[in-house]
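Chemist: For reference, the structure I am asking about is given below.
Just so it is clear, none of the values below were taken in a lab; they were calculated from the coordinates. Just so it is clear, the model here is predicted, and its values are computed rather than measured.
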Amino acid sequence: MPAVIPRFRHAGPPGASVRFTIDGRPAEAPEGVSLAAALLLAGVDGFRPLCLMGSCQGCLVSIDGGVRERACLAPVRAGADVRLA
Ligand code: FES
């Protein structure tokens with residue numbers, strides 16, 4: 001039986017949060033949420049994920065200068081440099 005990889009997990013205790021940047025602007029999100037959730041919580045204009053489960057690729061972002069990846073499958077990480085374009 002293949003290992004089950006959790007895609008979603010509970011956020012950390014109330015008050016726990018991580019700081020990161022979106023196109024150079026500072027942002028903050030609860031620890032443990034997906035990067036897509038963090039971007040939605042930040043109210044980013046133009047970020048329109050559709051499925052939030054890795055199927056549509058409507059949430060592609062670059063993290064720390066890497067290749068574009070699905071934000072709905074990536075956890076938000078402290079200090080991440082997230083680029084939408
Ligand atoms: S929202 Fe569909 S792949 Fe991320």
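Chemist: Report the gain in length on full extension from Arg25 to Cys51: 0.36 nm times residue separation, minus Cα-Cα distance, nm rounded to one decimal.
Modeler: Here the segment from Arg25 to Cys51 would lengthen by 6.8 nm.
Chemist: I'd like the projected area of the stretch 19-83, averaged over all directions, using the convex hull of its alpha carbons. Report it in nm² with one decimal.
Modeler: If you wrap the Cα atoms of the stretch 19-83 in a convex hull and average its projections, you get 3.8 nm².
Chemist: What full-extension length gain, to one decimal in nm, is calculated for Ser62 and Leu41 as 0.36 nm per residue of separation minus the Cα-Cα distance?
Modeler: 5.8 nm
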